[in-house]
């Protein structure tokens, strides 16, 4: 019997993998393959991908196969593999990114007519891309989308790994993991990642099995970066080491076990926000580059590389902002509340275009999902669908006091300020020289003075916003 190609993409798992289940059920011997195309993956995600692929390869070897590693445009690599192996079918999981969708279309066009190609909805809770408003237009606001999505019912139960999977011999030479060049070499800026993360399906499952504590405290403490109260499932979901269906049902099971619903509901809502982001990218392919509110095309952004670099390095002089940016660099991850704070600071205090912040996140986050990242940045910048108003400008001092009340988060990631008293911790420049000296820090030398003054920056941001409001009022096209 001719072999079938099982093309792994963002579904790097064996459990509840609908493409794998269907391929195994076809009876054809399978050729598991991953094609490295370098399309939309940043540096931190490359580190994760390396370890996730190694984990998947280990799992496949335990059941009698291995992961064939190829590189280049997937449609070219898979077409060549079809010729070399005599395969007559291809199974894969669909993706929503514009380039990934183009790859799928190119594959369909490049394969001979007799090749059976079957794709599956495997990255999200369900096929929600076809949800539309009563006017047959895409939803642009989360809440009505969410209501329409949940009205379709619960996602299917996760399915186990097929009991019987046949694998094919093939002549195609696999690349090695080193050939993919995914890991940093010199310097190894990811050296701290190993202490924080366990990529792969096993690590994802362990994280999923440990949801009780997160759910118990999530509703009340999810905005506290100083506490370990989030699930940290995002990178595992991004690479498909667990399915969104698994996460949904695990949350439901934990909630029933704990007799607690508020945390479970809040966490489940995050799964639907993830679906909504992919939905937006599907219907608005320019989401990653262009504001969905057209008047923001005329926003008077600043091109200040020095300020941008200070933000990237965590040297803005605002402790909660710097703590978040340093956590990001050290671990490849940042608490979601702090993501909003640092994003707001970049676009509203520094007037740096949101696209530059989104690009930095894509390069430095291990969970750098194009849809979620783009939708989040547009939300903060006020230019997306269902966006926070632009004139809602976070005060980083008050945000620090509210969400890091004991200063544990700042003291961990900004150790220069570890001895600073609580009353000065989130605005250390207010401490006198004598008080600074007693804490072993001099503001402006050991830790930077603020690169902007909050009230002055707020005033400048509101003035910039008024520019586009005036332009929109004068141009009916921009106000629609």
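Here is how the numbers come out for the structure above:
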item	result
Unmet requirement for residue 308, which otherwise passes all of (1) closer than 22 Å to residue 98 by Cα; (2) over 20 Å from the mean Cα position of the chain (by Cα)	(1)
Unique match (being at pLDDT 90 or above and part of a loop (DSSP other than H, G, I, E, B)) among 224, 269	224
Hits in the stretch 280-312 - residues which are in a helix (DSSP H, G or I) and out of contact with any helix residue (DSSP H, G or I) (no Cβ under 7 Å at 6 or more places or on another chain)	282, 283, 286, 294, 297, 305, 306, 307, 309, 310
From 68, 131, residue being in contact (Cβ under 8 Å) with a residue 60 or more places away in the chain and either within 27 Å of residue 164 (Cα to Cα) or not assigned by TED's automatic domain parsing to the domain that holds residue 239 (or both)	68
Lone qualifier among 434, 457, 463 - being at pLDDT 95 or above and more than 31 Å from the chain's Cα centre (by Cα)	434
Residue within the stretch 32-46 that is more than 26 Å from residue 370 (Cβ to Cβ), at pLDDT 95 or above, buried (at least 17 other Cβ atoms within 10 Å of the Cβ) and in contact with a strand residue (DSSP E or B) (Cβ under 8 Å, 6 or more places away or on another chain) present	no
Looking only at the stretch 206-247, and only at residues there that are touching a helix residue (DSSP H, G or I) at 6+ places or on another chain (Cβ under 9 Å), under 22 Å from residue 54 (Cβ atoms) and free of Cβ contacts under 8 Å to residues at least 60 places away in the same chain, the one that is surrounded by the most Cβ atoms within 10 Å (Cβ to Cβ)	236
Checklist (1) over 30 Å from residue 39 (Cα atoms); (2) at pLDDT 95 or above applied to residue 351, failing item	(1)
Within the stretch 52-62, tally of residues that are in contact with a strand residue (DSSP E or B) (Cβ under 8 Å, 6 or more places away or on another chain) and either under 21 Å from residue 164 (Cβ atoms) or not assigned by TED's automatic domain parsing to the domain that holds residue 14 (or both)	2
Counted residues, the stretch 62-98 - those being within 27 Å of the chain's Cα centre (by Cα) and either over 20 Å from residue 109 (Cβ atoms) or assigned to a loop (DSSP other than H, G, I, E, B) (or both)	10
Extreme residue, surrounded by the fewest Cβ atoms within 10 Å (Cβ to Cβ), among residues of the stretch 8-31 that are within 22 Å of the chain's Cα centre (by Cα) and within 22 Å of residue 179 (Cβ to Cβ)	10
Positions within the stretch 359-393 being more than 19 Å from residue 140 (Cβ to Cβ) and either touching a strand residue (DSSP E or B) at 6+ places or on another chain (Cβ under 7 Å) or in contact (Cβ under 8 Å) with a residue 12 or more places away in the chain (or both), in sequence order	360, 361, 362, 363, 364, 365, 366, 367, 368, 369, 391, 393
The stretch 156-204, residues that are assigned to a helix (DSSP H, G or I) and either within 22 Å of the chain's Cα centre (by Cα) or within 26 Å of residue 17 (Cβ to Cβ) (or both)	177, 179, 180, 193, 194, 195, 201, 202, 203, 204
Of all residues in the stretch 102-120 being free of Cβ contacts under 8 Å to residues at least 60 places away in the same chain and under 24 Å from the mean Cα position of the chain (by Cα), the one that is farthest from residue 16 (Cα to Cα)	102
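The values are calculated or read from the model by the stated rules, or taken from the named source; none is laboratory data. Bear in mind that the values here come from a model prediction, so they are computed numbers and not experimental data. Cβ sites come from the backbone with ideal geometry, for glycine too, and all protein chains shown count toward neighbours.
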